Amino acid sequence: MREINKGWELLWITDILDKIGLKYWVIGGATLGIVREGHLLDHDNDIDIGVWKEDMNEEMIAKLKDKTPITRISSENEDKIIIGKREYKNFKIEIYLFFKEYDDACHKCHSPNEIPIYHCYPERFFDKSEKIEFLGKEINVPSPVEEYLTEEYGDWKKVIKDWDTSKDAFTIRSAKYKKVYIGGMFDLFHIGHVRLLKKAREYGNYIIIGLMTDEASKRWKRSPVIPYEQRLEIVKEFCEEVVPQEDANEIPLLEKIKPDVVMHGDDLVPFGAEWCKKNRKKMVSVPYTQEQSTTKIIKKIQNEDIT
């Protein structure tokens with residue numbers, strides 16, 4: 001088997017993507033190597049590229065098949081296209097299919113134990129790609145590229161030889177063993193609460209509700225209609241753990257619980273946003289349920305004079 005010139009392989013595939021009109025970004029270790037060292041990493045046996053899943057329609061796949069030796073298209077646990085030349089048995093090009101979720105861009109892949117995991121990044125890195133020169137050709141990378149590398153690797157300027165992307169990447173979100181924290185009153189439990197908690201299941205399978213006490217609720221907004229103990233009995237059916245939240249500011253609880261994701265309705269002040277940024281955790285804001293809210297229920301009861 002002849003020696004692999006990985007740099008020329010990168011130019012080959014990006015030239016094809018340019019010619020068929022497919023928007024792409026070189027990602028992962030290839031981008032790290034080019035930016036930090038000026039060449040692809042010696043120990044890397046693949047080149048990772050990202051594209052929007054919505055752009056990879058049947059027509060685009062046919063164009064790609066016509067010009068490249070595709071060996072696999074997606075599987076149950078990961079969304080990607082693998083291109084592998086027969087003369088390069090231990091080297092491949094992997095094109096990951098990204099999808100949009102709120103303000104994130106994510107792609108699915110698998111871990112060594114075959115449990116699906118997701119790598120998620122702020123969508124802004126891919127809104128407009130940045131061009132960097134490599135071997136005389138301009139290639140597309142996420143923008144700003146150094147912020148992207150920090151999001152992916154943390155201190156990316158430091159060489160870590162035993163790096164394992166499936167475990168060490170800062171961008172991993174797994175549907176297994178991830179803690180999601182949701183704080184709130186959950187008074188007069190309604191469909192908006194149900195949707196919020198169902199959405200939490202997309203981010204993890206250990207849901208923790210910070211249930212505001214009666215006194216905390218009164219200080220923050222109003223006295224709850226349903227007392228704490230009864231609200232507790234309701235919400236515990238929808239989560240793995242309930243903790244009393246003694247103040248509208250949940251940061252003290254976040255410091256103690258250390259969740260992977262903090263979730264809020266977008267009508268609330270996200271007290272935990274700064275904590276998430278500081279601790280490299282995910283803040284998710286879920287759209288307010290327009291057709292129903294506790295306030296609307298209270299006003300309807302008052303207007304109808306129900307006794």
Original post:
Would the stretch 144-164 turn up any residue that is touching a strand residue (DSSP E or B) at 6+ places or on another chain (Cβ under 6 Å), loosely packed, with under 14 Cβ neighbours inside 10 Å and modelled with pLDDT of 85 or more?
Top reply: no
Original post:
How about the stretch 175-218: which of its residues are touching an Asp or Glu at 6+ places or on another chain (Cβ under 7 Å) and part of a loop (DSSP other than H, G, I, E, B)?
Top reply: Lys178, Gly204, Thr213
Subject >> Matching residues in the stretch 19-58 - criterion: being of a type outside the set (Gly, Ala, Ser), loosely packed, with under 12 Cβ neighbours inside 10 Å and either out of contact with any strand residue (DSSP E or B) (no Cβ under 8 Å at 6 or more places or on another chain) or at pLDDT 95 or above (or both) >> reply: Lys19, Glu37, Asp42, His43, Asn57, Glu58
Original post:
Within the stretch 210-219, can one find any residue that is under 25 Å from Cys120 (Cα atoms), of a type in the set (A, V, I, L, M, F, W, C) and without any contact (Cβ under 8 Å) to a residue 60 or more places away in the chain?
Top reply: no
Original post:
Does Pro227 count as over 23 Å from Ser285 (Cβ atoms) and either modelled with pLDDT of 85 or more or not assigned by TED's automatic domain parsing to the domain that holds Met283 (or both)?
Top reply: yes
Original post:
Which fully enclosed strands (runs of 3 or more DSSP E) of the stretch 65-141 have 3 or more residues being at pLDDT 90 or above?
Top reply: 92-101, 130-134, 137-141
Original post:
Under the condition of being touching a residue at least 24 places away in the same chain (Cβ under 8 Å) and either among the aromatic types (Phe, Trp, Tyr) or exposed (fewer than 14 other Cβ atoms within 10 Å of the Cβ) (or both), which residue from the stretch 186-200 is nearest to Phe271 (Cα to Cα)?
Top reply: Phe186
**OP:** Evaluate the following for Gly183: is it modelled with pLDDT of 85 or more, in the same structural domain as Arg280 (by TED's automatic domain parsing), in contact with a Leu (Cβ under 6 Å, 6 or more places away or on another chain) and buried (at least 22 other Cβ atoms within 10 Å of the Cβ)?
**Re:** no
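The values are calculated or read from the model by the stated rules, or taken from the named source; none is laboratory data. These figures come from a predicted structure and were not determined experimentally. All Cβ positions, glycine included, derive from the backbone under ideal geometry; neighbour counts span all protein chains shown.
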